[in-house]
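J.: Take a look at this one; I'll ask things after.
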Amino acid sequence: MKASDKNRAILAESVARSWRESDFRQKLTSNPKDTLRESGMDIPDDHEVEVFENTSNLIHAVLPAVSQMDSHNAAFDSAVSRL
């Protein structure tokens with residue numbers, strides 16, 4: 001498993017866990033970098049992590065970094081072509 005696949009799996013597991021465990025949710029929102037590292041995610045020291053929570057009247061949209069647009073466009077095109 002590539003490190004990025006491992007990190008995606010840990011992030012997905014952490015989000016799911018935050019739905020079940022309010023204490024973990026609080027920990028993840030208040031200190032996401034350390035909480036995800038404790039869960040096994042590899043996060044470089046010079047990277048930051050922010051967790052945003054949608055509400056009934058606030059929705060967050062995350063845009064990919066400009067440097068990653070080509071891979072995101074390819075993934076999007078692939079997904080759309082299967083519809």
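J.: What accessible area, in Å² to the nearest ten, does a 1.4 Å probe give for residue 37?
T.: Probe radius 1.4 Å; accessible area of residue 37 about 80 Å².
J.: Let me ask you something else. In percent, how large is the relative contact order of the stretch 1-69, given Cα pairs closer than 8 Å and 6 or more residues apart? Intermediate values should be presented prior to the final figure.
T.: Working: 37 pairs, mean separation 18.6, N = 69.
In percent, rounded to a whole number, it is 27.
J.: Here's a follow-up. D for the stretch 39-83, whole µm²/s, Stokes-Einstein with Kirkwood Rh over alpha-carbon pairs at 37 °C and 0.692 mPa s: what number?
T.: 237 µm²/s
J.: Subtracting the Cα-Cα distance from 0.36 nm times the residue separation, let me have the gained length for residue 21 to residue 73 in nm, one decimal.
T.: Taking 0.36 nm per residue and subtracting the Cα distance, the gain is 15.2 nm.
J.: Ordering 49, 80 by accessible area with a probe of 1.4 Å, largest first, what comes out? Numbers along the way, then the final one.
T.: Working: 49 40, 80 65 Å².
Putting 49, 80 in descending order of accessible area: 80, 49.
J.: Shifting gears a bit: Top to bottom by accessible area (1.4 Å), largest first, where do 50, 21 land?
T.: Values: 50 135, 21 75 Å².
Sorted by accessible area, descending: 50, 21.
J.: If ligands, DNA and RNA are left out, what is the accessible area of residue 58 with a 1.4 Å probe, given in Å² to the nearest 10?
T.: 80 Å²
J.: Still on this structure, I have one more. Under the √(5λ) rule applied to the eigenvalues of the Cα gyration tensor, what semi-axes describe the equivalent ellipsoid of the chain? Give them in Å, descending.
T.: Equivalent ellipsoid semi-axes, largest first: 25, 18, 14 Å.
The values are calculated or read from the model by the stated rules, or taken from the named source; none is laboratory data. Because the structure is predicted, anything quoted here is derived from the model rather than measured. Note: areas computed on protein heavy atoms with side chains; ligands, DNA, RNA excluded. Shrake-Rupley method; radii C 1.70, N 1.55, O 1.52, S 1.80 Å.
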